[in-house]
1. How long is the gain from Glu208 to Glu80 if the chain were fully straight, where each residue apart is worth 0.36 nm and the alpha carbon distance is subtracted?
2. What area, in nm² and to one decimal, does the C-alpha convex hull of the range 21-134 cast on average over all directions?
3. How many angstrom separate the Cα center of the range 185-251 from the Cα center of the range 54-107?
4. Among residues other than Gly179 whose Cβ falls under 11 Å from its Cβ, what is the net charge (Lys/Arg +1, Asp/Glu -1)?
5. Among the listed pairs Lys51/Lys114; Lys102/Lys215; Lys38/Lys114, which are separated by more than 22 Å between their Cα atoms?
6. Counting other C-beta atoms within 10 Å, which of Glu133, Glu49, Glu221 has the fewest, and how do the rest follow?
7. Quick one: of the DSSP bridges fully inside the range 21-134, what percent are antiparallel, nearest 5?
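None of the figures in this text is laboratory data; all of them are computed from the coordinates on show. Only a predicted model underlies this, so the values are computations on that prediction, with no experimental measurement involved. For neighbour counting, all protein chains shown are included, and Cβ atoms are generated from backbone atoms with ideal geometry for every residue, glycine included.
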Amino acid sequence: MNNLQIVPVMAAVLLFTSGLAYAQKNPHFVFNPAPGAKHVVEWLERDAESKRRYVLGVLGIDDPRVIEVAIASDDESMSEMVGTSRPIKGWVAGIAMSHMDKIVISARGNEVFKVRDTFVHELAHIYLDSALEGRQVPRWFHEGFAMLVADESVADRLRSSMDASLTKSFIPLAEITNGFPSSGAQVHLAYSQSMLFFRYLNRVSSGEGIANTIKFLRNGEPFEAAFHRAFGVYPEEAFEDFKSSFSRIDSLIVVLTSAAAIWLAITLLFLFVYRRKKLRAKLKQEMWALQDQMATGWVPTETTGDQALAIDAFKGWRGSESQAAATDEESLEDKMFIVPGPKEIQ
């Protein structure tokens, strides 16, 4: 083998070993970023092991698997990493594939999700499936658990649920048991109410209801029975209590103080002021025209509505002008220093 053949072989070996060395930095994760997403790996790698311990601790299990974390940089790489020829919807920030020990995360700049939150969210899906050992739970339960563990911001989700509370348009649990809607607005509401419902369950059970439900599921109980044993009510009953916990006043305040409502109010105020100024300018022009005509002694026999307004305005202006002149004259006399004439001096 000559020197020209050795160079590309050595380069390939160095590239391969550097890739292995990079993967060995983390014993439970292999990061596979797309060319435009390599900068994200450093953020994830820093916290990956601690997040793994946290999620497993919440579930009370151990899972020694090595998880592949694929990080997409655009729509094309997202579809390729998931293994589909169809485009992935823009609102999808991550996908967990438990059967493949794989997580696919979007680094496309989704405005709702953050990459770290998405990583923990999808990791929660992977490890919840591991804890359940193949037992099925409703989709809202799976998503609610993942969002609770990821500690995602309530503010991002609250407005959707407040709007639903005000309009009584919550999605029934039965409709988000086997899957979520595909449309943008409805899918956001499905995530929102699942998150807030899960937080409500966690709060009313002092943090024990969710863990007990999972424990009873692991013991082989069906979901409805495990939930009832943990919370004392069935899911539908708990959901009704959750919906009634929303104050219509609070919901109305949230809606009225939304950015859209504020901009609408500003727009309406602008249009009102603009129309008022335009009307005043028109009346002013009519008044000037009537002033010129009335100064020549002409008085209209018939008047339009605008002319009548202009005449009234003109009369009011003339009256106020005369009154102001008289007042100014009296005021001037009061303020003048009268110099006595010669006769007055005598």
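1. 42.0 nm
2. Details: hull surface 28.1 nm².
Dividing the Cα hull surface by four gives the mean projection, 7.0 nm².
3. Between the Cα centres of the range 185-251 and the range 54-107 lies a distance of 26 Å.
4. That sum, taken over residues with Cβ under 11 Å, equals -1.
5. In this structure, Lys102/Lys215 exceed 22 Å between Cα atoms.
6. So the ranking, lowest neighbour count to highest, is Glu133, Glu49, Glu221.
7. On the way: 4 of 14 bridges.
Taking every DSSP beta bridge within the range 21-134, about 30 percent pair in antiparallel fashion.
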